[in-house]
Amino acid sequence: MLGVLDDWAKAEALIEAAVAKKGSGATPNSPLAKVRLLAPVLYPSAIFCAGANYSDHMSEMARVFNLQPEPDPRKAGLIPWHFIKASRTVVQTDARIALPTRTKMLDWEAELAAFIGRAAKNVPVESALDYVAGYTVANDLSARDFTVRPNVPETSPFRYDWISQKSFDGACPVGPWIVPAKQIPDPQHLGIKLWVNDVLEQDSHTSKMIFSLAEQIAHLSTRLTLHPGDLILTGTPAGVGLAETA
């Protein structure tokens, strides 16, 4: 699939033609129930994850850690920030995931995700979405008890452990579909929901993002070149498990 994204403009036309041919009955179809859907891309060339990109999620996490609510990032003159998730953490959505050793606080984070379809460097916000091949859904699984190391001073660079928290095996279920970008003209107008054991835990909307996907792409492209196959997770709204236990 990475090869498909490398030349997305050509591949998209071929995919549309293949779908039309199957829809006409000219070629045999496989019933969906008889196939296993894997993650649409194993493995993305890079995974960039937006942190603190929904104000309601920021508020619930401040309450969990007994902190003062953060001021509006825009009013504070801040810009988007991202962390890296290891590309080989990607698994299909029905994968059975082994708990990371010693964690007791595995948590969920439903997120809109976007695959880059062509190289992007220093792109303006106004045209940033032109570099998106398509959209999917990701679950940024997080081992919350590894967020900070106990008994390490707040001023120490050894206090925070992003690798253990975010990049364990199976930490990024993705898919199962990629919806071509042309079918979603506005990624800031989508509902986002997550259920745990048939209980609705997250119920929000991408319009509530602090920084839009276009702003995230534009910002990231000033730091490095984004390449076809790169995956951007756009942040999660309120409703994570840690907030329920606090």
Close pairs from the stretch 27-49: first modelled with pLDDT of 85 or more, partner of a type in the set (Ser, Thr, Tyr) and surrounded by fewer than 18 Cβ atoms within 10 Å (Cβ to Cβ), Cβ under 9 Å, at least 6 apart: Leu37/Thr93; Ala39/Thr93
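Is it true that some residue in the stretch 73-80 is among the basic types (Lys, Arg), touching a strand residue (DSSP E or B) at 6+ places or on another chain (Cβ under 7 Å), in contact (Cβ under 8 Å) with a residue 24 or more places away in the chain and within 26 Å of Pro187 (Cα to Cα)?
Quick first cut of the stretch 73-80, residues among the basic types (Lys, Arg) only: 74-75.
Those still in the list that are touching a strand residue (DSSP E or B) at 6+ places or on another chain (Cβ under 7 Å) too: none.
Checking the stretch 73-80: not a single residue is among the basic types (Lys, Arg), touching a strand residue (DSSP E or B) at 6+ places or on another chain (Cβ under 7 Å), in contact (Cβ under 8 Å) with a residue 24 or more places away in the chain and within 26 Å of Pro187 (Cα to Cα).
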Residue within the stretch 31-51 that is assigned to a loop (DSSP other than H, G, I, E, B), hydrophobic (A, V, I, L, M, F, W, C), touching a helix residue (DSSP H, G or I) at 6+ places or on another chain (Cβ under 8 Å) and farther than 30 Å from Thr225 by Cβ present: no
Some residue of the stretch 92-108 being crowded, with 19+ Cβ neighbours inside 10 Å, farther than 15 Å from Lys166 by Cβ and not hydrophobic (A, V, I, L, M, F, W, C): no
Number of the condition not met by Gly170 [criteria: (1) in a loop (DSSP other than H, G, I, E, B); (2) touching a residue at least 40 places away in the same chain (Cβ under 8 Å); (3) on the phi < 0 side of the Ramachandran plot]: (3)
Count - residues of the stretch 80-139 that are at pLDDT below 95 and among the polar types (S, T, N, Q): 2
Candidate set: the stretch 194-213, residues that are part of a helix (DSSP H, G or I), touching a residue at least 24 places away in the same chain (Cβ under 8 Å) and not basic (Lys, Arg); chosen: the one farthest from Lys85 (Cα to Cα): Thr206
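Quick one: in the stretch 64-88, of everything that is surrounded by fewer than 13 Cβ atoms within 10 Å (Cβ to Cβ) and of a type in the set (Lys, Arg), which residue is nearest to the chain's Cα centre (by Cα)? Spell out the reasoning first.
Just the residues of the stretch 64-88 that are surrounded by fewer than 13 Cβ atoms within 10 Å (Cβ to Cβ), to begin with: 65-69, 71-72, 74-77, 79.
Retained after the next criterion (residues that are of a type in the set (Lys, Arg)): 74-75.
Details: Arg74: 22, Lys75: 25 Å.
The residue in question is Arg74.
Is it fair to say Ile232 is touching a residue at least 60 places away in the same chain (Cβ under 8 Å) and β-branched (Val, Ile, Thr)?
Values: touching a residue at least 60 places away in the same chain (Cβ under 8 Å): yes; β-branched (Val, Ile, Thr): yes.
The answer is yes for Ile232.
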Meets criteria (farther than 30 Å from Asn197 by Cα, free of Cβ contacts under 8 Å to residues at least 40 places away in the same chain and among the basic types (Lys, Arg)) for Lys121: no
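Name every residue in the stretch 93-133 that is within 21 Å of Leu213 (Cα to Cα), over 18 Å from the mean Cα position of the chain (by Cα) and among the hydroxyl-bearing types (Ser, Thr, Tyr), in order of residue number. Even if it seems obvious, please write down each step before you answer.
Residues of the stretch 93-133 within 21 Å of Leu213 (Cα to Cα): 108-133.
Of the ones still in play, those that are also over 18 Å from the mean Cα position of the chain (by Cα) are 118-127, 130.
Selection gives Ser127 alone.
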Some residue of the stretch 216-228 being crowded, with 17+ Cβ neighbours inside 10 Å, under 14 Å from the mean Cα position of the chain (by Cα) and within 17 Å of Val174 (Cβ to Cβ): no
Cβ pairs under 6 Å, 6+ apart, first in the stretch 180-193 and farther than 10 Å from Thr206 by Cβ and in a loop (DSSP other than H, G, I, E, B), second acidic (Asp, Glu) and at pLDDT 95 or above: none
Residue match in the stretch 137-157 (condition: more than 15 Å from the chain's Cα centre (by Cα) and aromatic (Phe, Trp, Tyr)): yes
Subset of the stretch 111-127 that is small (Gly, Ala, Ser) and surrounded by fewer than 22 Cβ atoms within 10 Å (Cβ to Cβ) - its residue that is nearest to Leu224 (Cα to Cα): Ala119
Cβ-Cβ under 9 Å pairs, at least 6 apart or on other chains, the stretch 55-71 side in contact (Cβ under 8 Å) with a residue 60 or more places away in the chain and among the basic types (Lys, Arg), far side surrounded by 12 or more Cβ atoms within 10 Å (Cβ to Cβ) and part of a helix (DSSP H, G or I): Arg63/Ala243
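The values are calculated or read from the model by the stated rules, or taken from the named source; none is laboratory data. In this text the structure is predicted, and so the values were computed from the model without any measurement. Quick reminder, even Gly has a Cβ in these numbers, built from the backbone with ideal geometry, and neighbours come from all protein chains shown.
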